[in-house]
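Engineer: After the structure tokens below, expect a handful of questions from me.
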Ligand code: SF4
Ligand code: SF4
């Protein structure tokens, strides 16, 4: 069985327990944060095991890559401290089970993966950006990153399924996998590494691909001259170095990204998983805070990276006067493939 590469010595020597100090769902002073992480490092009980809202944030806050979030998830499972009611946890495990029903296109050395999110496949199946590669696509549980189960402290499911998913890609003989789901790229690069699981292909971040294609298609871009805010998904905490790619894409598209309080490290959950883990009241409050923060900027659009965030928050940001749009559709808009009115 795969073991987490967590080093308690690094926490003992750590000058500042940023992991818990920065947590937006638990308030702690320096002393308490240090005490709690040290308890976790010794495998002891901590209130963190009851209160963590699974936002992935501490993975980003830890400057030493010591994987505090995965440690919390591991300890929760070991102690039977599950985050959501059992039917919900089981429902997620069941509905993401591999059933031999994956959709596999005319796969070449480079493949587009739409994970288990149909809207990603739809977005990538039309338009010039993906024209040379859209037929080489896979979709289904067989190719889905199992990171969602960390939210339910089911690390055993993650460790069982991730090697199977990687093996399914290996059997296709692909060399590069363009991950249309932010979380797939985070899983293949960060989570797999945290457990020493070898990835038999080169994972490609879809925004890197978008940027490359937009550079090639530059003469066809009509700058959009709009303002926007961004809903950063939890999985992006595992790949913070990729935040700059979004900014570079928006520059090319003529989109001005407006600053807001809840961006970067202070990003808030869209409320989807939070509703299952933290309850309705907390999810409503976080969504209210997040949307008010967006609306205060007066931005025209709210850009989504993860379709699940868009599904959860899209209609609510629209009610607040911002137009919800996925980054891929925004690129298509600048290329004249969809109109601003359509969106
Ligand atoms: S998890 Fe990281 S930030 Fe937290 S105490 Fe350990 S080394 Fe420091
Ligand atoms: S995952 Fe988020 S809620 Fe949980 S301890 Fe880390 S920062 Fe706090």
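The values are calculated or read from the model by the stated rules, or taken from the named source; none is laboratory data. Since we're looking at a predicted model, the values are computed, not measured. Cβ coordinates were reconstructed from backbone atoms using ideal geometry, including for glycine residues, and neighbour counts include every protein chain displayed.
Engineer: If you go through segment 292-343, how many residues are crowded, with 20+ Cβ neighbours inside 10 Å and in a strand (DSSP E or B)?
Structural biologist: The total comes to 7.
Engineer: Looking at 47, 76, 18, can you tell me which residue is touching a residue at least 60 places away in the same chain (Cβ under 8 Å) and within 14 Å of ligand 2 (Cβ to nearest atom)?
Structural biologist: When all the criteria are applied, what remains is 76.
Engineer: Please indicate, with yes or no, whether at least one residue in segment 51-62 is farther than 21 Å from residue 312 by Cβ, in a loop (DSSP other than H, G, I, E, B), within 15 Å of ligand 2 (Cβ to nearest atom) and within 21 Å of the chain's Cα centre (by Cα).
Structural biologist: Looking through segment 51-62, at least one residue is farther than 21 Å from residue 312 by Cβ, in a loop (DSSP other than H, G, I, E, B), within 15 Å of ligand 2 (Cβ to nearest atom) and within 21 Å of the chain's Cα centre (by Cα).
Engineer: Identify all residues within segment 140-156 that are in contact (Cβ under 8 Å) with a residue 60 or more places away in the chain, assigned to a loop (DSSP other than H, G, I, E, B) and under 17 Å from the mean Cα position of the chain (by Cα); write none if there are none.
Structural biologist: The answer is 153, and nothing else.
Engineer: Which residue pairs have Cβ atoms closer than 9 Å, lie 6 or more positions apart in sequence or on different chains, and pair a first residue in segment 223-244 that is at positive phi with a second residue that is surrounded by 20 or more Cβ atoms within 10 Å (Cβ to Cβ) and at pLDDT 95 or above?
Structural biologist: 225/255
Engineer: Taking only pairs six or more apart or across chains, which ones have beta-carbon atoms under 6 Å, a first residue in segment 105-131 that is assigned by TED's automatic domain parsing to the domain that holds residue 147, and a second residue that is surrounded by fewer than 16 Cβ atoms within 10 Å (Cβ to Cβ) and assigned to a loop (DSSP other than H, G, I, E, B)?
Structural biologist: Sorted first by the residue in segment 105-131, then by its partner, the pairs are 105/135; 106/135; 109/175; 127/337.
Engineer: Now a separate question. May I ask you to verify whether residue 71 is assigned to a helix (DSSP H, G or I), over 19 Å from residue 182 (Cβ atoms) and more than 19 Å from the chain's Cα centre (by Cα)?
Structural biologist: When the stated conditions are applied, residue 71 does not pass them.
Engineer: One residue is enough: does segment 34-51 have a residue meeting the conditions under 18 Å from residue 265 (Cα atoms) and out of contact with any strand residue (DSSP E or B) (no Cβ under 9 Å at 6 or more places or on another chain)?
Structural biologist: no
Engineer: Within segment 115-131, is even one residue within 16 Å of ligand 2 (Cβ to nearest atom), buried (at least 21 other Cβ atoms within 10 Å of the Cβ) and closer than 21 Å to residue 312 by Cβ?
Structural biologist: Scanning segment 115-131, I find no residue that is within 16 Å of ligand 2 (Cβ to nearest atom), buried (at least 21 other Cβ atoms within 10 Å of the Cβ) and closer than 21 Å to residue 312 by Cβ, so the answer is no.
Each row is one residue, and each column tells you yes or no for (1) assigned to a helix (DSSP H, G or I); (2) surrounded by fewer than 19 Cβ atoms within 10 Å (Cβ to Cβ); (3) touching a helix residue (DSSP H, G or I) at 6+ places or on another chain (Cβ under 6 Å).
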{"residue": "187", "(1), (2), (3)": "yes, no, yes"}
{"residue": "204", "(1), (2), (3)": "no, no, no"}
{"residue": "212", "(1), (2), (3)": "yes, yes, no"}
{"residue": "227", "(1), (2), (3)": "no, yes, no"}
{"residue": "235", "(1), (2), (3)": "yes, no, yes"}
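Engineer: I'm trying to understand the selection: among the residues of segment 59-114, which are crowded, with 21+ Cβ neighbours inside 10 Å and at positive phi?
Structural biologist: Matches in segment 59-114: 67 only.
Engineer: Just the residues that are under 23 Å from the mean Cα position of the chain (by Cα) and not in a loop (DSSP other than H, G, I, E, B), please, taken from segment 97-116.
Structural biologist: Within segment 97-116, 103, 110, 111, 112, 113 meet the criteria.
Engineer: Which members of segment 263-294 meet the condition of being within 12 Å of residue 24 (Cβ to Cβ) and touching a strand residue (DSSP E or B) at 6+ places or on another chain (Cβ under 9 Å)?
Structural biologist: Result: 267, 268, 290.
Engineer: Checking the structure you have, find out if any residue of segment 32-48 is under 23 Å from residue 280 (Cβ atoms) and either buried (at least 16 other Cβ atoms within 10 Å of the Cβ) or more than 10 Å from ligand 1 (Cβ to nearest atom) (or both).
Structural biologist: Looking through segment 32-48, at least one residue is under 23 Å from residue 280 (Cβ atoms) and either buried (at least 16 other Cβ atoms within 10 Å of the Cβ) or more than 10 Å from ligand 1 (Cβ to nearest atom) (or both).
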